[in-house]
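Student: Sharing a structure with you now.
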Amino acid sequence: MNIKVLHQVMEWNEDVSRQVRDVLSANHICMINIMGSPGAGKTSLITALIENLQKKWRVGVIEGDIAGQIDAEKIASLGIPAVQLNTDGACHIEAMSIQKILPLLPLSTLDVIFVENIGNLVCPAEFDIGESLRVTILSIPEGDDKVEKYPLMFTETGCLVLNKYDMLPYFDFDEKRVRLQYETVNPGAPLFCVSCRSGEGVDKLSGFLSQQIEKAVK
Ligand SMILES: Nc1nc2c(ncn2[C@@H]2O[C@H](COP(=O)(O)OP(=O)(O)OP(=O)(O)O)[C@@H](O)[C@H]2O)c(=O)[nH]1
Ligand SMILES: [Mg+2]
């Protein structure tokens with residue numbers, strides 16, 4: 001079958017990701033960019049990780065959403081410094097927005113900043129926001145074909161979280177297919193099976209992230 005393909009032209013804004021990295025490095029902060037579809041469990045995962053990581057690290061959060069401050073309110077209610085970035089329609093966060101919002105957090109008192117990117121499997125992967133590490137979430141109900149359909153999101157990540165693992169018995173989700181495809185596009189990168197509902201897998205993921213944070217804040 002001969003399928004015609006139209007390529008969209010993208011205009012790139014000024015890239016300030018290096019300047020963001022300089023600010024983070026000067027403050028010994030590890031910034032973790034959390035990406036995944038709407039409802040994949042980004043806020044739930046950040047919440048679960050905070051519980052574990054705050055035993056060792058001082059955590060802050062930048063919540064990215066097109067509109068509203070629901071997620072930032074959830075994080076702030078845990079007593080964690082949180083700010084909300086509204087993109088007013090844009091489907092991803094850009095480094096320039098991070099550069100502007102960072103001073104709103106108490107940087108000198110933080111070791112880790114989680115950034116919850118906009119719920120989307122496409123655009124966020126194309127933008128370097130100055131992060132130290134990327135974490136991509138794929139939840140079981142989304143289906144097992146997403147690595148093949150949206151490869152960049154899975155290639156450009158430090159690890160993959162298969163979230164809502166408690167839902168596995170209820171969906172025809174082929175875990176082996178995902179593992180194989182992920183290994184193909186991102187050889188050697190770790191994959192964690194997690195349930196934010198039951199807490200399964202959160203310890204293991206926290207251990208991996210803690211090692212990455214240790215390296216980044218030196
Ligand atoms: N069963 C189950 N439900 C989960 C799990 N993680 C999250 N959820 C539920 O999934 C829904 C969406 O979770 P959120 O954490 O808000 O997802 P999100 O990715 O932050 O969503 P947006 O910010 O809107 O993009 C909520 O109802 C959560 O309770 C899980 O591991 N298992
Ligand atoms: Mg959220």
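The values are calculated or read from the model by the stated rules, or taken from the named source; none is laboratory data. These numbers come from a predicted model, not from an experiment. Virtual Cβ from ideal backbone geometry, glycine too; neighbours counted across all protein chains shown.
Student: Which condition does Leu107 not pass, out of (1) closer than 26 Å to Val202 by Cβ; (2) more than 15 Å from the chain's Cα centre (by Cα); (3) in contact (Cβ under 8 Å) with a residue 24 or more places away in the chain, if it passes all the others?
Tutor: Among (1) closer than 26 Å to Val202 by Cβ; (2) more than 15 Å from the chain's Cα centre (by Cα); (3) in contact (Cβ under 8 Å) with a residue 24 or more places away in the chain, Leu107 violates only (1).
Student: Which number in (1) within 16 Å of ligand 2 (Cβ to nearest atom); (2) free of Cβ contacts under 8 Å to residues at least 40 places away in the same chain; (3) surrounded by 19 or more Cβ atoms within 10 Å (Cβ to Cβ) marks the one condition that Glu63 misses?
Tutor: (2)
Student: Kindly evaluate Ala125 against the criterion of being at pLDDT below 95, away from ligand 2 (no atom under 16 Å from the Cβ), in contact with an Asp or Glu (Cβ under 7 Å, 6 or more places away or on another chain) and under 23 Å from Met153 (Cβ atoms).
Tutor: Working: at pLDDT below 95: no; away from ligand 2 (no atom under 16 Å from the Cβ): yes; in contact with an Asp or Glu (Cβ under 7 Å, 6 or more places away or on another chain): yes; under 23 Å from Met153 (Cβ atoms): yes.
No: the conditions fail for Ala125.
Student: Select from segment 19-43 the residues that are within 16 Å of ligand 2 (Cβ to nearest atom) and part of a strand (DSSP E or B) and list them in ascending order.
Tutor: Of all residues in segment 19-43, those within 16 Å of ligand 2 (Cβ to nearest atom) come to 32-43.
Hits for segment 19-43 are Ile32, Asn33, Ile34, Met35, Gly36.
Student: Of the residues that make up segment 27-41, is at least one surrounded by 14 or more Cβ atoms within 10 Å (Cβ to Cβ), under 30 Å from Lys149 (Cβ atoms) and at pLDDT below 95?
Tutor: no
Student: Sort out which residues of segment 24-36 are touching a helix residue (DSSP H, G or I) at 6+ places or on another chain (Cβ under 6 Å) and under 16 Å from Val112 (Cβ atoms), and write them in order of number. Lay out the reasoning, then the answer.
Tutor: Within segment 24-36, the first condition is being touching a helix residue (DSSP H, G or I) at 6+ places or on another chain (Cβ under 6 Å), and the residues that meet it are 27-28, 30-31, 34-36.
Within segment 24-36, Asn27, His28, Cys30, Met31, Ile34 meet the criteria.
Student: Right, here's the next one. Kindly evaluate Ile46 against the criterion of being within 16 Å of ligand 1 (Cβ to nearest atom), β-branched (Val, Ile, Thr) and in a helix (DSSP H, G or I). Steps first, answer last, please.
Tutor: Numbers: within 16 Å of ligand 1 (Cβ to nearest atom): yes; β-branched (Val, Ile, Thr): yes; in a helix (DSSP H, G or I): yes.
Yes: the conditions hold for Ile46.
Student: Looking at (1) buried (at least 21 other Cβ atoms within 10 Å of the Cβ); (2) of a type outside the set (D, E, K, R); (3) not in a helix (DSSP H, G or I), which is the one condition that is false for Tyr182?
Tutor: Condition not satisfied by Tyr182: (3).
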